[in-house]
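First comes the structure, then the notes that go with it.
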Amino acid sequence: MELAYYSDYAARLVNSEEPVRGKDTLTSVDAVRDLFGANKSAARRTTDSDVTRFRSVRARLRAVFEAADTGDETLAVDLLNSLLMEFPVSPQISGHDDRDDSGDPLWHMHLADHPSNATAGYAAIASMGLAIHLTEYGVDRLGLCEAAPCRNAYLDTSTNRSRRYCSDRCATRANVAAYRARKRLEADRAADGPPPASTGRTAENAQESAPAQGR
C-alpha cells in the first residue's frame, strides 16, 4: 500500500459531513466501518463509542483543510502536528501477499497503527497520510470545494496546482452556474438597450442656423 493512499482517509472522513447543507452520514457503526474501505480487519474493531470519537477527529481534520484553504500554512501545520502527536504510527516494510511477475514480494512502506480503539487507528493513518501529502506537494494542495454550498475537502495532485473542486460533478455545476450568470447579465444589458444617441444641437449651433429676424 503506497503512503499517498493514506491521505484519502482524511478527506473521506471530512467529507462524511456537509456542514453548509446540514448533512451528516456519520451516524452509525456501519457508517464508520465503511470509511475504512478495504481495511476490514481495522473496521471490525469499531464500536458504538467510535461514532462520537470519529466526529471529534473529523472536526479537527476539517480545521486543517480550512486553515490551508485560507492560506494559513502555520496553523494548518500546527493543527496537523497535534493530531500526529496524539495518534502516532510506526512505519514498517510490508509485502502482504503481493508478488511481482518473478514471484518476489512487492515490498513497500506500510503505516502500522497500534490503536486502543478504531478511532485511534483511523486517526493515526489519516493524519500521517495527510502529513505526507502536505510535505510532498505543499499546504496549498489541501483545499475545500469552491462550488457552493459543497465545501468538501480535496487533495490537489494536479501538475499546475489548478484544482478548485472536489469532483467533476461540482466542477460542471460551477461552470454551468457561471455560464448562466453571464447569460443573465447579457440579457439584462440587452433589455436596458443602448444609451440614447444625441439628437439635439448645441445652443450656439442652433443660433447660427436660425433665420435672421427683422431684416
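The values are calculated or read from the model by the stated rules, or taken from the named source; none is laboratory data. The structure displayed is predicted, hence computed values, not measured ones. Here the Cβ positions follow ideal geometry from the backbone for every residue, glycine too, while neighbour counts run over all protein chains shown. The accessibility values were calculated without ligands, DNA or RNA, using every heavy atom of the protein model including side chains. Shrake-Rupley method; radii C 1.70, N 1.55, O 1.52, S 1.80 Å.
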Exercise. Cα extents of the range 65-168 along the three principal axes, largest first, in whole Å?
Worked result: 48, 35, 23
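Can you pull out the trypsin sites (Lys or Arg not before Pro) in the range 1-82 whose DSSP state is coil and whose Cβ has at most 11 other Cβ atoms within 10 Å?
21, 44
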Seminar exercise, completed: Extension length gain for residue 92 and residue 109 (0.36 nm per residue less Cα distance), in nm, is 5.5 nm
For this session: State log₁₀ I(q)/I(0) for the range 133-189 at q = 0.19, 0.27, 0.29 Å⁻¹ as given by the Debye formula over alpha-carbon point scatterers of equal weight, solvent excluded.
Result: -0.70, -1.02, -1.09
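Taking the Cα centre as origin and putting +1 on Lys and Arg beta-carbons and -1 on Asp and Glu beta-carbons, what dipole magnitude results for the range 1-55, to the nearest 20 debye? Kindly include the intermediate steps, with their values, before the conclusion.
Working: 9 positive and 9 negative charges, 26 e Å.
So the dipole magnitude of the range 1-55 works out to roughly 120 debye.
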For this session: Give the accessible surface of the range 7-101 per residue, rounded to a whole number of Å², with probe radius 1.4 Å and ligands, DNA and RNA excluded.
Result: 56 Å²
Problem set entry | Spread of Cα-to-Cα distances over 5 Å intervals beginning at zero, given as percent, for the range 26-115 | 3, 12, 14, 17, 18, 15, 12, 6, 4, 1
Seminar exercise, completed: Mean projected area, convex hull of alpha-carbon positions in the range 1-45, reported to one decimal in nm², is 3.5 nm²
Exercise. Taking the Cβ-Cβ separation of residue 136 and residue 176 as r and a Förster radius of 30 Å, what is the calculated FRET efficiency to the nearest 0.05?
Worked result: 0.35
